[in-house]
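The values are calculated or read from the model by the stated rules, or taken from the named source; none is laboratory data. Note that the coordinates shown come from a computational prediction; the quantities given were computed from them, not determined experimentally. When we count neighbours, we look across all protein chains shown, and the Cβ atoms used for this are built from the backbone with ideal geometry, even at glycine. Surface accessibility is based on the protein's heavy atoms, side chains included, excluding ligands, DNA and RNA. Shrake-Rupley method; radii C 1.70, N 1.55, O 1.52, S 1.80 Å.
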Amino acid sequence: MAKDRVQQLYDPGAFHEMGHKLIDQLSRYLTEAQKGEARVLPFISPVKMLEFWKGFPHSDSVEELVAEMLKHTTNVHHPLYMGHQVAPPLPLASLMALLGGFLNNGMAVYEMGMAPTAMERIVTDWLCAQIGYKTSSRGILTSGGTLANLTALLSARRNAVADDIWNQGYNGGLAILVSEAAHYCVDRAARIMGLGEAGVLKVPVLEDFSMDTSKLPEIYEAARQKGLTPFAIVGSAPCTATGSYDDLEALAEFAAARKLWFHVDGAHGGPAVLSEKYRFLVRGMEGADSVVIDGHKMMGMPVITTALLFADGATSYNTFSQEAEYLLADTLEEDWFNGAKRTFECTKLTSALSWYAVLNTYGEGIFEAYLNRQYDLAQTFAKRIRNRPDWELACKPQSNILCFRWAPSGIPPETLDDLNARLRAQVLEEGRFYIVQTRLKGKLYLRTSLMNPFTEIANLEELLDYLEDKGIKLLNP
Ligand SMILES: Cc1ncc(COP(=O)(O)O)c(C=O)c1O
């Protein structure tokens, strides 16, 4: 029987041909990226980009479409990519994402994702063990640090607050404690939960941008006096802007003494727990009730791959219901394999495929090697910045994130923000490097996240030379 129009699109031969061409194109792209050829970010304004794709001619050749896509995206595989905290994904992990997209097993129930469900259990059990959690711990994979932090705070409220908010609704009066430098998604999660501005108790930071834990008792007591009930405290491991780690040991102690839920947002630097050299940064994480780790940041995974781990697995089963749906109906067996009971999503990505394949194929040491390399590089880069007379570091880097600015002598300090903003605008426009900017304690800084395993210290010296050259031209037009 002749195939209809839709059926023809599933032709295995055509798929084979398209797939091979795509992989050829991507392999060439990777080769060129590693050589540092082409611009890392061929920036085009949003309006022009929209016009381009609206006017893109119809073509039967997917090759052309992909070629144009590759020309119009940010090249995270380029050694001069040092912008946002997104990993250049391990090629194997990307292939697994392709496989996941092909299989489209939606994960909502076990039958719709049998292999990835088992893999998810293996990966999350492994992460829990690395943190130092007991075997009663459990994790889930979910779609991003933002959603994982919200889910963790919902679990916190469910487990650390006596009221039945799930069924009765919220009458106000609850609060969380979090550093003022934490990622904005924590604040957003609290507001989604109805806590409002008053329910987010922002703790000031020290000079190094980590939470000033000495302020905690006073903030906590003041909140109680006002009639608020803090129920959770969130530690950043590290915070986004400067990559500074909160003192998780101090937070664990504070939380335990007041029976608060202790959550660690380790979206970026939680994987330090896998490094013998940098594990000290997350000391105290083992005392957390829940921990978030993004695979797509420091673990070489494609977006979007996030683990949410619970010290006591049972607490993860009642986040989205009043009763802990921990056991299968009529049995004493734990219902770990119907993941949607514990996740926000019903259908979700099979991101476990990527994580499991990398662990299984390369072994766990690969994550430590990557993190050590990138964190070491940041230390060396900081030394080079300090050795240059006209540069300022916002603080000593603790991870692979650095904030710095050009501050040539003789320039009025009040013009430095503008000067550095113009420098970053030029970097973006030319697209040779990709760096970002951030505002810290009222001052504008340039910011790099050293995500690419091909970035060398010579590239970073090249960046500083380039910026100085641009800066001198800006000052002497
Ligand atoms: C510390 C921290 N938490 C949470 C997030 C949000 O994670 P995602 O982008 O995966 O939603 C980020 C993102 O940069 C982050 O740095």
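What the table below lists for this structure:
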read-out	value
Selection from region 47-66 of residues that are among the hydroxyl-bearing types (S, T, Y) and in contact with a Lys or Arg (Cβ under 7 Å, 6 or more places away or on another chain)	none
Every residue from region 174-200 that is surrounded by fewer than 16 Cβ atoms within 10 Å (Cβ to Cβ) and either more than 16 Å from the ligand (Cβ to nearest atom) or assigned to a strand (DSSP E or B) (or both)	G194, G196, E197, A198
Options P453, P389: the member that is at negative phi and at pLDDT below 95	P389
Positions within region 236-271 being surrounded by 24 or more Cβ atoms within 10 Å (Cβ to Cβ), of a type in the set (D, E, K, R) and either modelled with pLDDT under 95 or more than 9 Å from the ligand (Cβ to nearest atom) (or both), in sequence order	D246
L90 being closer than 30 Å to T242 by Cα, at pLDDT below 95 and buried (at least 17 other Cβ atoms within 10 Å of the Cβ)	no
The one condition in (1) over 30 Å from P217 (Cα atoms); (2) part of a helix (DSSP H, G or I) that R157 fails to fulfil	(1)
Filter result (assigned to a loop (DSSP other than H, G, I, E, B) and acidic (D, E)) within region 351-394	E364, D390
Residue satisfying condition, being more than 16 Å from the ligand (Cβ to nearest atom), hydrophobic (A, V, I, L, M, F, W, C), closer than 25 Å to S275 by Cβ and surrounded by fewer than 20 Cβ atoms within 10 Å (Cβ to Cβ), within set I122, I165	I122
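Residue-wise test of (1) under 29 Å from A267 (Cα atoms); (2) among the basic types (K, R); (3) more than 21 Å from the chain's Cα centre (by Cα); (4) open to solvent by 40 Å² or more (accessible area, probe 1.4 Å).
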site: S399; (1), (2), (3), (4): yes, no, no, no
site: F404; (1), (2), (3), (4): yes, no, yes, no
site: P408; (1), (2), (3), (4): no, no, yes, no
site: E414; (1), (2), (3), (4): no, no, yes, yes
site: L446; (1), (2), (3), (4): yes, no, no, no
site: P453; (1), (2), (3), (4): yes, no, no, yes
site: L460; (1), (2), (3), (4): yes, no, yes, no
site: I472; (1), (2), (3), (4): no, no, yes, yes
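For every residue, the table says whether it meets (1) more than 30 Å from S210 (Cα to Cα); (2) within 16 Å of the ligand (Cβ to nearest atom); (3) open to solvent by less than 40 Å² (accessible area, probe 1.4 Å).
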position: V273; (1), (2), (3): no, yes, yes
position: K277; (1), (2), (3): no, no, no
position: A288; (1), (2), (3): no, yes, yes
position: Y326; (1), (2), (3): yes, no, no
position: T350; (1), (2), (3): yes, no, yes
position: L353; (1), (2), (3): yes, no, yes
